[in-house]
Amino acid sequence: EKGGYEHFMLKEIFEQPRSILDSMRGRMIAESDHLMMSGIREYENKFVNAKRIIIVACGTSWHAGLVAEYLIEDFARIPVEVEYASEFRYRNPIITEDDIVVAISQSGETADTLAAIELAKSKGATIFGICNVVGSSIARATDAGAYTHAGPEIGVASTKAFTAQVTVLALIAMIIGSKRGTLEETKLRQLMVELETIPAKVEKCLLLDDQIKEISAKYKDATNFIYLGRGYNYPVALEGALKLKEISYIHAEGYPAAEMKHGPIALIDEQMPVVVIATKDSSYEKVVSNVQEVRARKGKVIAVVTEGDTTIPSMADYVIEIPETSEHLMPLLSVIPLQLLSYHIAVMRGCNVDQPRNLAKSVTVE
Ligand code: F6R
């Protein structure tokens, strides 16, 4: 059942080239300019004219929501708010009939997310669901939606569900952007071609497994970790930190790299591993300065960089090279080494990676 892998989590990490492909299947074919999602088509006018999109989710799904905020605002120019479902539902939120509320949930059973959409529904908002489990409670409670088609995710730590969510959300942002005319035709084409190459590039990221295992051995006894990223890689930093804490029980914090100087920089000393996602994108130069700030305080830098980069490698203790892609799609690649890092560290620490203590696969209580 684990397909020869030692754990479900590892199997699911390695399934990602396929699960990402499955999440695009039938929805996008770059060479024939086919880009379509049936759940969106029904509500196309609503999406095109939406004044605001509110995303509600928890945990890893909330991180996918943060990526979607950047994607939708970039491509479709519609304001997006990303909310923890548990906070949203209890704070008397302002919701109108012109709002679209997008619920993201792997299991489709998360109690807070379900309650958040029931609340939004009662205020007249249109509810769109992005779920992995077919026929789940959230999928049934929404007006429309798109399944992620990642296949069953058994490991408690979410991996392939995250990349499938991001893929579907990228497609949605591209579709709305193209209908609204805010995403140029040539840019859209480039994105479609690029998205099609992602499964093969994820495959290349998975080849880093042995190298990441070696890095894991060096840091398995650390008591704290910091993860830094900016722009599209900021949610990836949060996700990397969450993966590490939930399965290895090492305390980890994810931060937008520039926020570091407003507090967390005080934590950095020669004991502190700092994972920096520093791929070549519009915030690259800024991240270089953030890495220098870490070096100046003797922090250990583990950097995820774009293949061929020479600047960051000259400043880092360990370098993980991943393929180049559009910055909008980079989370689909940059998260892979972080999933592997947390997996190997947890295994080396003797943790039960598939069923970490205190955690359940679906959180059906608030
Ligand atoms: C992280 C993790 C949790 C879930 C969260 C939401 O690895 O598994 O943080 O992401 O409980 O679950 P879903 O997506 O099922 O609503």
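The values are calculated or read from the model by the stated rules, or taken from the named source; none is laboratory data. On a predicted model such as this, the values are computed, not experimentally measured, just so you know. Quick reminder, even Gly has a Cβ in these numbers, built from the backbone with ideal geometry, and neighbours come from all protein chains shown. Protein only, heavy atoms only, side chains kept; ligands, DNA and RNA dropped before computing areas. Shrake-Rupley method; radii C 1.70, N 1.55, O 1.52, S 1.80 Å.
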Quick check: anything in the range 177-199 within 16 Å of the ligand (Cβ to nearest atom) and either among the polar types (S, T, N, Q) or free of Cβ contacts under 8 Å to residues at least 60 places away in the same chain (or both)?
-> no
Any helices (runs of 4 or more DSSP H) falling wholly within the range 33-135 and containing at least 1 residues that are open to solvent by 10 Å² or more (accessible area, probe 1.4 Å), more than 16 Å from the ligand (Cβ to nearest atom) and not hydroxyl-bearing (Ser, Thr, Tyr) | 38-42, 44-49, 59-76, 111-122
Of the numbered conditions (1) open to solvent by less than 10 Å² (accessible area, probe 1.4 Å); (2) out of contact with any Leu (no Cβ under 7 Å at 6 or more places or on another chain); (3) over 20 Å from SER32 (Cα atoms), GLU153 fails exactly one; give the number of that condition.
-> (1)
Could you tell me which numbered condition PRO356 fails, if it satisfies all but one of (1) open to solvent by 10 Å² or more (accessible area, probe 1.4 Å); (2) touching a helix residue (DSSP H, G or I) at 6+ places or on another chain (Cβ under 9 Å); (3) under 30 Å from ALA115 (Cβ atoms); (4) at pLDDT below 95?
-> (1)
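Residue by residue, here is whether (1) under 29 Å from GLU285 (Cβ atoms); (2) open to solvent by 40 Å² or more (accessible area, probe 1.4 Å); (3) among the basic types (Lys, Arg); (4) within 21 Å of the chain's Cα centre (by Cα) holds:
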| position | (1), (2), (3), (4) |
| --- | --- |
| LYS179 | no, yes, yes, no |
| LEU183 | yes, no, no, no |
| THR186 | yes, yes, no, no |
| SER216 | no, no, no, no |
| PHE225 | yes, no, no, yes |
What is the number of the single condition among (1) at negative phi; (2) away from the ligand (no atom under 16 Å from the Cβ) that GLY4 does not meet?
-> (1)
Would you mind stating whether LEU341 is out of contact with any Leu (no Cβ under 8 Å at 6 or more places or on another chain), crowded, with 21+ Cβ neighbours inside 10 Å and within 22 Å of ALA64 (Cα to Cα)?
-> no
What do you reckon, is GLU12 free of Cβ contacts under 8 Å to residues at least 24 places away in the same chain and either under 27 Å from ASN352 (Cβ atoms) or out of contact with any helix residue (DSSP H, G or I) (no Cβ under 6 Å at 6 or more places or on another chain) (or both)?
-> no
Among residues of the range 196-214, those that are over 18 Å from ILE277 (Cβ atoms) and either over 22 Å from the mean Cα position of the chain (by Cα) or open to solvent by 30 Å² or more (accessible area, probe 1.4 Å) (or both), counted | 8
When you look at THR325, is it closer than 24 Å to LYS201 by Cα, more than 23 Å from the chain's Cα centre (by Cα), open to solvent by 10 Å² or more (accessible area, probe 1.4 Å) and modelled with pLDDT of 95 or more, yes or no?
-> no
Tabulated pairs, the range 257-284, first over 21 Å from PRO313 (Cβ atoms), second among the hydrophobic types (A, V, I, L, M, F, W, C) and open to solvent by less than 10 Å² (accessible area, probe 1.4 Å), C-beta under 7 angstrom, 6+ apart or interchain | PRO264/ILE226; LEU267/ILE226
When you scan the range 136-145, how many residues do you find that are crowded, with 22+ Cβ neighbours inside 10 Å and within 9 Å of the ligand (Cβ to nearest atom)?
-> 1
Counting only residues that are over 13 Å from PRO356 (Cα atoms) and within 16 Å of the ligand (Cβ to nearest atom), the range 226-250 contains a total of 8
